Amino acid sequence: MELARLKAYHEDTIDSIIEGIVVVDPSMIITGLNKSADMYSTSQSIGRDVFTVFPELDIPRCRHGFERAISLGEPTDVGEMVFQLGGDKVTLHIKISPLKNRSGEVYGAVLLSQDTTEKRRLESQLIQSDRLAALGQLAAGVAHEINTPLTLILGYADILSQTVGSDNLSNSYLKTIVEESERISDIVRSLLNFARPSNMPAGKCKVNETCRRTLRIFGGQMARRGIQVTMELDESEPEAAIDTGELQQVILNMLLNAMQAMPDGGHLGIQTRVSRDMVEIAITDTGIGIAPENLQKVFNPFFTTKEVGKGTGLGLSVSFDIIEKHGGTVKVESQLGRGTAFTIVLPMNGVE
C-alpha cells in the first residue's frame, strides 16, 4: 500500500511540472511522459517509437541529441522548435539529457520541453515597438527637413505676389503655389504631431478639427484612388478627454485600413456625434470587409490578413489600447464585400 502511494505521489509530481517530460529507452521507445508532453502527442504514447508519436522530433538535430545522450551520456540543447497544438502553433525549447541509474549507467534519455511561445511574442512585440519608435523619429526628422525649404518657398512666393498685378496670370500661379505649399505644411505639421506627444494637455482635443486634419493627410491619395469622402460633423464642436496626437494616431490607423480595403475606389464616411456625455466618431468604408471569424481578432497584436510587408498587425491593436486607456471603447461591424464600420466612443472633456 505504501509503495502504491509513493508511486502515485511521484506520478502526481511529474504531471504537475509545467515543462513537458518524455522518457525513452535506448531503442527510442517511450517509457514515460507527463501531461504537459502528452498534449502534443498524435496517438497513444507509452510503448511506441518517440518519432512516431512526436513526428516534429524526427529531424537530424533531435536524433543526434538522443544518440549523444544514450551513447555518450552527454546532454544536448536542441534549441527551439515549432509544434502543432490544436489549431495553434507553439514554440518549444527542447533539451535532451541522458537517463542514468545510481551507478551512472545510461539506460535511456529524457527530453525536456519548455513553452517559449509567449516569450518570443513579447520579444517580437518589443522589436516592433522599437521599429515604430524609430519610424516616428524618422518622420519627425523628415518633417523638419521639409519645413526649411517650404518656409523659403512660401516667403518668396509672398514677395513675388507683391511685385505682380492682381490680374496678372503669374499671380494665379503664385496663388496656387502658396495654397499647395500650405497644404504640404499642414501634412508636415500632422506628421510632427503623430511622431511626438502633443503640447496640448489631455482632455482638450477638438474632435472635428482632428478629423479634418487627419483626413487632409490622405486627401490626395484618396482622390487618386477614386475614393469619395463625406463628413458629417457634430455642430456642437465636441471636445474629447484624450490627447490630440493620440486621437489623430487612432483615426490615421483607421483611415489607412479603410483606404487599403478599397483598392478600386469606393466611399469613405466620417461622422461625429454626441451621445449623452460621450463623443462618437464613426469611420465607414465600402471596402472588401472583414470575415466573421476574424472580427474578434482585429484588435489582437500582430494580427493581419495583409500580404507580408504591407502591414504589421499593430495599428488597430495600438488604437484599441489608446482609446481604452482614456476610458473609451472601439466597436467594429463588417460584412464581406460590403464594407466595415469602426466606431470610437470617448468620454467628453470634463466628464468624470
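The values are calculated or read from the model by the stated rules, or taken from the named source; none is laboratory data. Predicted model, so just to flag it, every value in this text is computed and none were measured. Every residue, glycine among them, receives a Cβ derived from its backbone with ideal geometry; neighbour counts consider all protein chains shown.
Among the residues of segment 85-126, just one is within 34 Å of the chain's Cα centre (by Cα), under 19 Å from Asp49 (Cα atoms) and polar (S, T, N, Q), namely Ser113. Within segment 121-141, the set of residues being modelled with pLDDT of 75 or more and surrounded by 14 or more Cβ atoms within 10 Å (Cβ to Cβ) is empty. Filtering segment 42-49 for residues that are touching a helix residue (DSSP H, G or I) at 6+ places or on another chain (Cβ under 6 Å) and either surrounded by 15 or more Cβ atoms within 10 Å (Cβ to Cβ) or modelled with pLDDT of 95 or more (or both) leaves a non-empty set.
Which residue is nearest to Leu316 (Cα to Cα), if the candidates are limited to segment 220-262 and must be assigned to a helix (DSSP H, G or I) and out of contact with any helix residue (DSSP H, G or I) (no Cβ under 8 Å at 6 or more places or on another chain)? The qualifying residue nearest to Leu316 (Cα to Cα) is Ala258. The residue list Gln162, Gln137, Gln125 contains one member that is of a type outside the set (Phe, Trp, Tyr), outside the structural domain of Ile18 (by TED's automatic domain parsing) and either in contact (Cβ under 8 Å) with a residue 60 or more places away in the chain or not in a helix (DSSP H, G or I) (or both), which is Gln125.
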